[in-house]
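Reading through the structure tokens given below for one structure.
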Amino acid sequence: MKAELIAPCGINCSVCSSYLAREAGLPVRRGKINHCPGCRPRDRKCSRCRGHGRINKVRFCAECELFPCEFLNRLESRYMTAYPLQESPIGNLRHIAKKGMRSFLAAERKKWKCPDCGGVLCVHNGKCYRCQEIVSWRG
Ligand SMILES: [Zn+2]
């Protein structure tokens, strides 16, 4: 897991279904399997700062004076409730701000490690793209 895969909002792109599908070479299937190299590799800054009418200058949303903004709070509640595995973007950002990126990445490697093969579990469907069959981003 790499620092450049931690998006400005605190989401770890390495556990996203679209990132994992691309890495695993799964064929794209409309609405089911998408491909994405990650937010930062696509040069995506915080997608909401423009909505706030702001020029995006922060590396992470925790550095923003509006943190945690309404968008981030909604993202937080979705990622804490809507998927089989929980992720806390705000918790991630606080970890990075307090203890640094190295400490965060070490915790993430442990948290998302597939117990069967050592691969990476997906936040969106709870599956391992190395040792389990993937039908769609939902499972
Ligand atoms: Zn596995």
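The values are calculated or read from the model by the stated rules, or taken from the named source; none is laboratory data. Computed from a prediction, not measured in an experiment: that's the story for all the values here. Heads up, the Cβs are rebuilt from the backbone with ideal geometry, glycines too, and the neighbour counts pull from every protein chain shown.
Yes or no: CYS128 touching a Gly at 6+ places or on another chain (Cβ under 7 Å), at pLDDT 95 or above and of a type in the set (A, V, I, L, M, F, W, C)? Against the criterion (touching a Gly at 6+ places or on another chain (Cβ under 7 Å), at pLDDT 95 or above and of a type in the set (A, V, I, L, M, F, W, C)), CYS128 qualifies. Does any residue of segment 13-35 turn out to be modelled with pLDDT of 95 or more, within 19 Å of ALA107 (Cβ to Cβ) and β-branched (Val, Ile, Thr)? Yes, some residue in segment 13-35 is modelled with pLDDT of 95 or more, within 19 Å of ALA107 (Cβ to Cβ) and β-branched (Val, Ile, Thr).
ILE33 fulfils the conditions (1) in contact (Cβ under 8 Å) with a residue 40 or more places away in the chain; (2) farther than 21 Å from GLN132 by Cβ; (3) β-branched (Val, Ile, Thr) except for a single criterion, (2). I'm checking my understanding of the structure. Among residues of segment 85-139 that are of a type in the set (Asp, Glu) and farther than 15 Å from ASN12 by Cβ, which one is nearest to the ligand (Cβ to nearest atom)? The extreme case among them is ASP116. Exactly one residue out of ARG59, ARG109, ARG42 is in a helix (DSSP H, G or I), at negative phi and not polar (S, T, N, Q), and it is ARG109. If you check ARG48 against the conditions, is it at pLDDT below 95, in contact with a helix residue (DSSP H, G or I) (Cβ under 9 Å, 6 or more places away or on another chain) and assigned to a loop (DSSP other than H, G, I, E, B)? Taking the combined requirement at face value, the residue satisfies it. The single condition among (1) at pLDDT 95 or above; (2) surrounded by 13 or more Cβ atoms within 10 Å (Cβ to Cβ); (3) among the β-branched types (Val, Ile, Thr) that VAL58 does not meet is (1).
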